[in-house]
Amino acid sequence: MSFRPAFRVATFWVATGLLLGACGGGAPSHGPAAQPVTVVTLKSQPVTLTRELPARANPWLIAEVRPQVSGIVKQRLFTEGGTVKAGQPLYQLDDATYRADFASARATLARAEATLHSARLNATRSAELAKVDAVSRQDDENATAALLQAEADVKLAEANVRASGILLDYARITSPISGRIGKSSVTQGALVTANQAAALATVQQLDPMYVDATASSTELLALRRELAAGTLTSAALTVPVQVVLEDGSVYEHPGKLAFADVTVDPSTGTFLLRAAVPNPDRLLMPGMYVRAVISVGTRPEAILVPQQAIQRDPKGRTTALVVGADSKVEQREVQVSRTIGAQWLVESGLAAGDRVIVEGLQKVRPGMAVEATEARG
């Protein structure tokens, strides 16, 4: 029949295929290739820890100008918003009454000095006569007492002159400090009274400035524990402070920590940190909101890991993938505390020498063999 030659050809090819398959079955099979990843080898290094805190700028010195005597404002002697120096006259009050009192006190002093001169002569004359019994002992004692009274009257008159002179000087109101003065709350012709509640003007010294920040007492306790444990070394005696302005720019003049308050605010649980900052350009103004970056100490053997190497699961667990000595992926549970630039500060879970995967994380899983390449830079 005609189908037999075709059947024989098909049978030949099937047999040939089986033979070839049997011959090739002895060749070794290869597993999947190692997945390439990029790693960073961790190393310990000294790191200066800083804390960025909310803060307000306050003047170095501030003085509210108030009158110490009553009177009518005769003249304002300064320009509002200008710079004044300590002792510079600011207001002149009508001082006619105080000048009259000063003149009267000086006249009283002159009369007391004249009486003293007469009493001194009488006492001297009486003492000479008493030596020869020309006057009685009582008259001599009366002359001596009159001299002492005249001396006391002179001292009293001198005190009255000084007091009236002080009141006269107070009629010319001067600046207690050097600095910038604000607007005047009174005008020429206004009546002011001694020790009134309302200030006539306010003078503020703006160079340098204080930057007052608030820190949590919890952070202070943690800092002291680290210092006691030796994991953190204390900052220098002059702690540097960097100021960040409201627009996010860094203020060009660094300051230094002046003091830390010894009392915690019971309503907020915070305490005050005050820094002294130069302000030659008057860029910082009283009441301005800023942020203070304060160095709190140095960790001599800190471990920093790139932020992209740290992963968080839905439960908040923080992990990192590490390439082990056998070139296989290990998952480590780590604890990080703060960011320093583009890196996390590691508290536990990683150590110097660990190779942490920073690229290719989505393509690997724990236990997988990988081909690790060190990241550049």
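The charge dipole of the stretch 95-170, taken about its Cα centre with unit charges on the Cβ of Lys, Arg, Asp and Glu (plus for the first two, minus for the last two), comes to roughly 120 debye. Computed about its Cα centre, the charge dipole of the chain is approximately 1600 debye, with only Lys, Arg, Asp and Glu carrying charge at their Cβ.
Ordering L168, L221 by the number of other Cβ atoms within 10 Å of each residue's own Cβ, fewest first, gives L221, L168. With the charge dipole of the chain set up from +1 on Lys and Arg Cβ and -1 on Asp and Glu Cβ about the Cα centre, the Cα lying farthest toward the positive end among the listed residues V132, L148, T174 is that of T174. When the pairs K74/K155; K43/K256; K131/K155; K74/K183 are compared against a 25 Å limit on Cα-Cα distance, K74/K155; K43/K256; K131/K155 fall above it.
Legend: Rg and Dmax of the chain, from Cα coordinates, 45.1, 191 Å.
For the chain, the longest principal axis of the Cα atoms and the long axis of helix 217-229 meet at an angle of about 70 degrees.
Here the label points at Q68 and R56, each 7 Å from Cα along the C-beta direction, are separated by 3.0 nm in the simple model.
In this rough spin-label picture, where each label sits 7 Å from Cα along the Cβ direction, the A325-I340 distance is 2.8 nm. Normalised by the number of residues in the stretch 95-170, the average gap of Cα pairs under 8 Å and 6 or more apart makes the relative contact order 51 percent.
Ignoring the sites themselves, the chain has its longest run without GluC sites (Glu not before Pro) in a DSSP loop having at most 16 other Cβ atoms within 10 Å at 81-245. Take every pair of alpha-carbon atoms less than 8 Å apart whose residues are at least six positions apart; their mean separation over the length of the chain yields a relative contact order of 27 percent. Toward the positive end of the charge dipole of the chain, with +1 on the Cβ of Lys and Arg and -1 on the Cβ of Asp and Glu, the farthest Cα among L116, V161, A342 is that of A342. A straight Cα-to-Cα reach below 16 Å connects K328 with the lysines K363, residues fewer than 8 places away in its own chain not being considered. Entry note: the stretch 95-170 has Rg to Rh equal to 1.24, where both radii use alpha-carbon atoms and Rh is the Kirkwood radius.
Centre-to-centre, using Cα atoms only, the stretch 135-177 and the stretch 344-363 are separated by 87 Å.
Inter-part distance, the stretch 77-93 to the stretch 252-288, computed on C-alpha centroids, equals 29 Å.
Quick note: the coordinates plus some simple rules give every number you see, no bench work behind them. All of these numbers come straight from a predicted model, not from anything done at the bench. Positions of Cβ are backbone-derived with ideal geometry, glycine not excepted, and every protein chain shown enters the neighbour counts.
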